[in-house]
Amino acid sequence: MKKTIIIASLIALSCGKSTFNPKWMDEKAPQTFQARFETSQGDFEIEFSRDLSPKAVDRVYQQINHKFYDRIVFYRVVPNFVAQFGHMDSTATANNWDRYKVEDEPVKGSNLKGVISYARAGQNSRGNHLFINLKDNKRLDTVFYNKVKGFPPLGKVYKGMDVVEKLYSGYGNDTMNVYDLLAVNRKAFLKKFPKLDSIKRAYIIK
């Protein structure tokens, strides 16, 4: 019964997204800003800095402002590596956020413990998935992936890193073996991985 309740709650989290508006792309982030993430394990807070990756920080500012990361799961938590989350719902990304690519930028910071960066799959592919480093991952600063060098940091968890470290990590990389299932059949994905933690909402701290 408990598993059923958890799954039902997570499925309900997918409802209520904002309708996309291209004008959001004109919004510029402050030089630095803080955001709070309320999760199933508690809250954590991140400070973002445009000095690190201005185009990407503008994008995450836009996304947080417009509830992009509300009601989603941490679909990949690998102990001693990263906690990753983002949007697999094509109705929230295809033909809207995905149309506005975040251009590649140089790596100015380092992927140390608590630092947050966009995941990416190649050139100009950042924008829908974030990861928080669970340890110092300096190799991510210089590694080449599909002809692109490194993962530029955007900011760092300054409060609640203990919450990030409590996110359920028992599935490790197993979730990535059926990664596409989250996009095409969220219910089946959550039934297969019922212990995943979630973000209830994320918002800018005024």
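The values are calculated or read from the model by the stated rules, or taken from the named source; none is laboratory data. Remember, predicted model here, so these are calculated numbers, not experimental data. Heads up, the Cβs are rebuilt from the backbone with ideal geometry, glycines too, and the neighbour counts pull from every protein chain shown.
Quickly run through the stretch 34-70 and pick out the residues that are in a loop (DSSP other than H, G, I, E, B) and closer than 23 Å to Ser125 by Cα.
As a first pass, look at the stretch 34-70 and keep what is in a loop (DSSP other than H, G, I, E, B): 40-41, 50-53, 66-70.
Listed by number, the residues that qualify are Arg50, Asp51, Leu52, Ser53, His66, Lys67, Phe68, Tyr69, Asp70.
Name the residues in the stretch 136-170 that are basic (Lys, Arg) and surrounded by fewer than 19 Cβ atoms within 10 Å (Cβ to Cβ), would you?
Taking the stretch 136-170 as the starting set, the residues that turn out to be basic (Lys, Arg) are 138-139, 147, 149, 156, 159, 166.
Passing the criteria: Lys138, Arg139, Lys147, Lys149, Lys159, Lys166.
For the stretch 173-185, give me each residue that is among the aliphatic types (A, V, I, L, M) and in contact (Cβ under 8 Å) with a residue 60 or more places away in the chain. If you could, list the steps in order and put the result at the bottom.
In the first step, residues of the stretch 173-185 are kept if they are among the aliphatic types (A, V, I, L, M); the result is 176, 178, 181-184.
Within the stretch 173-185, Met176, Leu182, Ala183 qualify.
Looking only at the stretch 115-167, which residues are hydrophobic (A, V, I, L, M, F, W, C) and closer than 16 Å to Val60 by Cβ? Steps first, please.
Taking the stretch 115-167 and keeping what is hydrophobic (A, V, I, L, M, F, W, C), we get 115-116, 119, 121, 130-132, 134, 140, 143-144, 148, 151, 154, 157, 161, 163-164, 167.
Hits for the stretch 115-167 are Val115, Ile116, Ala119, Leu130, Phe131, Ile132, Phe151, Leu154, Val157.
Consider Glu47 carefully, then state whether it is among the charged types (D, E, K, R), farther than 24 Å from Lys195 by Cβ, touching a Pro at 6+ places or on another chain (Cβ under 7 Å) and at pLDDT 95 or above.
Numbers: among the charged types (D, E, K, R): yes; farther than 24 Å from Lys195 by Cβ: yes; touching a Pro at 6+ places or on another chain (Cβ under 7 Å): no; at pLDDT 95 or above: yes.
For Glu47, the condition - among the charged types (D, E, K, R), farther than 24 Å from Lys195 by Cβ, touching a Pro at 6+ places or on another chain (Cβ under 7 Å) and at pLDDT 95 or above - is not met.
Given the options Ala188, Ala83, name the one that is without any contact (Cβ under 8 Å) to a residue 12 or more places away in the chain and touching a helix residue (DSSP H, G or I) at 6+ places or on another chain (Cβ under 7 Å).
Details: Ala83 fails: without any contact (Cβ under 8 Å) to a residue 12 or more places away in the chain.
The unique qualifying residue is Ala188.
Which of the residues spanning the stretch 181-206 are in a loop (DSSP other than H, G, I, E, B), surrounded by fewer than 18 Cβ atoms within 10 Å (Cβ to Cβ) and at pLDDT 95 or above?
Kept after step one, since they are in a loop (DSSP other than H, G, I, E, B), are these residues of the stretch 181-206: 185, 193-197, 205-206.
Within this subset, residues satisfying the condition of being surrounded by fewer than 18 Cβ atoms within 10 Å (Cβ to Cβ) are 185, 194-195, 205-206.
Once the filter is applied, which keeps residues that are in a loop (DSSP other than H, G, I, E, B), surrounded by fewer than 18 Cβ atoms within 10 Å (Cβ to Cβ) and at pLDDT 95 or above, the stretch 181-206 yields Pro194, Lys195, Ile205.
Condition first: touching an Asp or Glu at 6+ places or on another chain (Cβ under 7 Å) and in a loop (DSSP other than H, G, I, E, B). Can you find one or more residues in the stretch 17-24 that meet it? Break it down into steps so the answer makes sense when it comes.
Start the filter on the stretch 17-24 by keeping residues that are touching an Asp or Glu at 6+ places or on another chain (Cβ under 7 Å), which leaves none.
The answer is no, given that none of the residues of the stretch 17-24 is touching an Asp or Glu at 6+ places or on another chain (Cβ under 7 Å) and in a loop (DSSP other than H, G, I, E, B).
How many of the residues in the stretch 133-165 are closer than 14 Å to Ser110 by Cβ and of a type in the set (Val, Ile, Thr)? Let's see the steps before the verdict.
Just the residues of the stretch 133-165 that are closer than 14 Å to Ser110 by Cβ, to begin with: 133, 135-143, 149-156.
Now restrict to residues that are of a type in the set (Val, Ile, Thr): 142-143.
Count: 2.
Does the stretch 122-135 hold any residues that are closer than 15 Å to Val82 by Cβ and surrounded by fewer than 21 Cβ atoms within 10 Å (Cβ to Cβ), and which are they?
The answer is His129, Leu134, Lys135.
Filter the stretch 19-73 down to the residues that are without any contact (Cβ under 8 Å) to a residue 40 or more places away in the chain, surrounded by fewer than 15 Cβ atoms within 10 Å (Cβ to Cβ) and among the acidic types (Asp, Glu) and list them by number.
Asp26, Glu27, listed by residue number.
Look through Ala83, Ala119 and report the one residue that is buried (at least 22 other Cβ atoms within 10 Å of the Cβ), among the aliphatic types (A, V, I, L, M) and within 27 Å of Asn185 (Cα to Cα).
On the way: Ala119 fails: buried (at least 22 other Cβ atoms within 10 Å of the Cβ).
From the options Ala83, Ala119, the qualifying one is Ala83.
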